[in-house]
1. Go through (1) open to solvent by less than 10 Å² (accessible area, probe 1.4 Å); (2) within 26 Å of Gly109 (Cβ to Cβ); (3) at pLDDT 95 or above and name the single condition Ala150 misses.
2. Quick check on this structure: which one of Thr64, Thr35, Thr24 is open to solvent by 10 Å² or more (accessible area, probe 1.4 Å) and either at pLDDT below 95 or among the hydroxyl-bearing types (Ser, Thr, Tyr) (or both)?
3. So which residues in region 38-50 are surrounded by fewer than 24 Cβ atoms within 10 Å (Cβ to Cβ) and without any contact (Cβ under 8 Å) to a residue 40 or more places away in the chain, if there are any at all?
4. Do we find that Ser57 is out of contact with any helix residue (DSSP H, G or I) (no Cβ under 8 Å at 6 or more places or on another chain) and assigned to a loop (DSSP other than H, G, I, E, B) in this structure?
5. Kindly provide the set of residues from region 94-133 that are touching a residue at least 60 places away in the same chain (Cβ under 8 Å), polar (S, T, N, Q) and touching a His at 6+ places or on another chain (Cβ under 9 Å), ordered by number.
6. Among the residues of region 225-250, count how many are small (Gly, Ala, Ser), modelled with pLDDT of 70 or more and assigned to a loop (DSSP other than H, G, I, E, B).
7. Is one or more of the residues making up region 67-76 in contact with a Lys or Arg (Cβ under 9 Å, 6 or more places away or on another chain), more than 25 Å from Val183 (Cα to Cα) and either hydrophobic (A, V, I, L, M, F, W, C) or at pLDDT 95 or above (or both)?
8. Determine which member of the set Ala25, Ala62, Ala34, Ala12 is more than 24 Å from Thr132 (Cα to Cα), aliphatic (A, V, I, L, M) and either part of a helix (DSSP H, G or I) or within 14 Å of the chain's Cα centre (by Cα) (or both).
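The values are calculated or read from the model by the stated rules, or taken from the named source; none is laboratory data. Bear in mind the structure is a predicted one, so any value in this text is a computation, not a measurement. Every residue, glycine as well, gets a Cβ built from its backbone with ideal geometry; the counts of neighbours run over all protein chains shown. All accessible areas refer to the heavy atoms of the entire protein, side chains included, with ligands and DNA or RNA removed. Shrake-Rupley method; radii C 1.70, N 1.55, O 1.52, S 1.80 Å.
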Amino acid sequence: MPQQRSSSYPKAHGLLDGKVTLVTAAAGAGIGYATARRCAEEGATIVVSDRHERRLSAAADALTELTGVKPLAVPCDVTSEPQVLALFDAVVEAHGRLDVVVNNAGLGGTAPLSEMTDDQWHAVIDVTLNGTMRCTRAALRQMIAQGSGAIVNNASVVGWRAQRGQAHYAAAKAGVMALTRCVALEAAEHGVRVNAVAPSLAVHPFLAKVTSEELLAELTAKEAFGRSAEPWEVANVIVFLASDYASYMTGEVVSVSSQHP
């Protein structure tokens, strides 16, 4: 299949005007930073977090240069409940409320299950699934008190389809999908929406560096457009789910590719 040219970078439409928005794992060049940028461009008051303090500071500086507004940047390791609670306390202390949370933190890795260690399994589950749970729980406590809010979790098409060497990551992402659906039912009566995106292949410099050309080619061949997504194309869907345009959507896992059941 011939590769299709990527879309043009979108113009802002104020979809998140005035919404206090927290994005986790927002440092670097991937979906997290792209989401923080798109949310800021759409008028959100941004808070960014990551466990890598130096890269987090660089991301905050880049957002400041782009938007003219310096975001609150709070280091946080989502495997630590005290750090998660401190993060959410810092957001509310600084801005008085919390309207949107994008749970982007995740950890991958490749190993056949027969060779996988407990440490490898637990590391991926703790960041990707447990970390999403911790941040969702903290967000709900604030949003239920407010009577409003939107949570968007980053899942993956690997939560639906099989891929060699990805048992831990696939299990974690399938767990994020199930978590999203269950929590959405609990939160609806409080005016809080919970949805997820399931990206397929969104290539950025770090991913390209740690993934073989053969695997990237194999994954790209599965894509309907014959190319990987740009991180901001995934971010666009996250912005939509966070916005009032998705006011009647909750408990949904939205595929950002053609790969879904």
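1. Only one criterion in (1) open to solvent by less than 10 Å² (accessible area, probe 1.4 Å); (2) within 26 Å of Gly109 (Cβ to Cβ); (3) at pLDDT 95 or above is unmet by Ala150, namely (2).
2. Thr64
3. Kept after step one, since they are surrounded by fewer than 24 Cβ atoms within 10 Å (Cβ to Cβ), are these residues of region 38-50: 40-43, 45.
Those that are surrounded by fewer than 24 Cβ atoms within 10 Å (Cβ to Cβ) and without any contact (Cβ under 8 Å) to a residue 40 or more places away in the chain: Ala40, Glu41, Gly43.
4. Against the criterion (out of contact with any helix residue (DSSP H, G or I) (no Cβ under 8 Å at 6 or more places or on another chain) and assigned to a loop (DSSP other than H, G, I, E, B)), Ser57 does not qualify.
5. Of everything in region 94-133, nothing turns out to be touching a residue at least 60 places away in the same chain (Cβ under 8 Å), polar (S, T, N, Q) and touching a His at 6+ places or on another chain (Cβ under 9 Å).
6. Number of matching residues: 3.
7. yes
8. Among Ala25, Ala62, Ala34, Ala12, only Ala62 is more than 24 Å from Thr132 (Cα to Cα), aliphatic (A, V, I, L, M) and either part of a helix (DSSP H, G or I) or within 14 Å of the chain's Cα centre (by Cα) (or both).
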